[in-house]
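**Student:** Have a look at the structure that comes next, please.
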Amino acid sequence: MSEKDTRTTHFGFQTVGEKDKAGMVHGVFTNVASRYDVMNDVMSVGIHRVWKDAMMDWLAPRDGQALLDVAGGTGDIAFRFLKRAPGAGATVLDMTESMLVEGQKRAEAAHLAEKLNWVVGDAMALPFEANTFDVYTISFGIRNVTRIPDALSEAFRVLKPGGRLMVLEFSQLPNDGLQKLYDLYSFNVIPRMGQAIANDRESYQYLVESIRKFPEQEVFAEMIRTAGFEQVKYRNLSMGIAALHSGWKL
């Protein structure tokens, strides 16, 4: 057995083989696809909509730009981007086809069909040429990637010189007391709500655990720099429950 076959990673709090994680994550999102937008409302108490608007404010979409939204699921970010820049184009990529199918059912998808592409693909091996996109976004998706550095390297590769990366992800609160309160809520309430709303406690349990395994803000910012990005900055949202990270390919 090769070293590659024996590498391990985390799936929530479980240790699993790297080669197994993608399929396990795929299973989670296949299970929750039809309830994904409701799930985001549950996990953020509806505040994810405000965070995504903050993402667009910082991103400042412009006509003529080509957006790649990775782990784009049901198209939330792409729709927001095109609403602000009607002359732009967007590609939504996700490893879970059922998520993309749910996105294509949304009313916005019909109105924006000529400006939208939906692609099944892997964040760690993007099916695009180098220097293709002006903007790369990933929203609440990078913590589910098996090898985050590989995804960031791919982001750098497909962006044009002068292109911008922006990541929105659940993060860590800088105050230990607040973090403990948030953990108490997350681990006790969210899985139960998942059971009640989607009849799926396990997927929600994984999603809560995956948030705790994601690197804190400064560590993740350094990972972005290591991938080649410059002018890397981040902004905490809701005291650090989520964070926006920005970087440029210069």
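The values are calculated or read from the model by the stated rules, or taken from the named source; none is laboratory data. What you are looking at is a predicted structure, and each value in this text was computed from that prediction instead of being measured. As a convention, Cβ positions derive from the backbone with ideal geometry for all residues, glycine included, and neighbour counts pool all protein chains shown. Calculation scope for accessible area: heavy atoms of the full protein, side chains included, ligands and nucleic acids excluded. Shrake-Rupley method; radii C 1.70, N 1.55, O 1.52, S 1.80 Å.
**Student:** Find how much the distance from LEU184 to VAL119 grows on full extension, using 0.36 nm per residue of separation minus their present alpha carbon separation; answer in nm with one decimal.
**Tutor:** Gain on stretching LEU184 to VAL119: 19.7 nm.
**Student:** If you don't mind, another one. Tell me the mean residue ellipticity at 222 nm calculated for the chain from its helices only (DSSP H runs of n ≥ 4, each -39500 (n - 2.57), averaged over every residue, nearest 500).
**Tutor:** -14500 deg cm²/dmol
**Student:** Still on this structure, please answer the following. Could you report segment 174-248's accessible area per residue, 1.4 Å probe, as an integer in Å²?
**Tutor:** Per residue, segment 174-248 has an accessible area of 51 Å².
**Student:** Can I ask one more? Please list GLU108, GLU97, GLU230 in order of solvent-accessible area, largest first, computed with a 1.4 Å probe with all protein chains present. Display every interim value, and only then the final one.
**Tutor:** Working: GLU108 70, GLU97 115, GLU230 90 Å².
Solvent-accessible surface, decreasing: GLU97, GLU230, GLU108.
**Student:** With a ≥ b ≥ c the root eigenvalues of the C-alpha gyration tensor of segment 176-219, is it rounded (a/c under 1.5), prolate (a/b larger than b/c) or oblate?
**Tutor:** Judged from the Cα gyration tensor, segment 176-219 comes out oblate (a/c at least 1.5, b/c at or above a/b).
**Student:** For segment 114-186, what's the relative contact order in percent, using C-alpha pairs closer than 8 Å and at least 6 residues apart?
**Tutor:** 35 percent
**Student:** Quick one: if the Förster radius is 30 Å, what FRET efficiency do LYS160 and THR226 give, using the C-beta to C-beta distance and rounding to 0.05?
**Tutor:** So the FRET efficiency works out to roughly 0.90.
**Student:** Relative contact order (percent) for the chain, with alpha-carbon contacts under 8 angstrom and 6 or more residues of separation? Before the final figure, lay out each step's value.
**Tutor:** On the way: 446 pairs, mean separation 47.2, N = 250.
Relative contact order, the chain: 19 percent.
**Student:** Would you mind getting me the FRET efficiency between ASN199 and ILE47? Use the beta-carbon distance for r and R0 = 25 Å, nearest 0.05.
**Tutor:** The formula returns an efficiency of 0.55 here.
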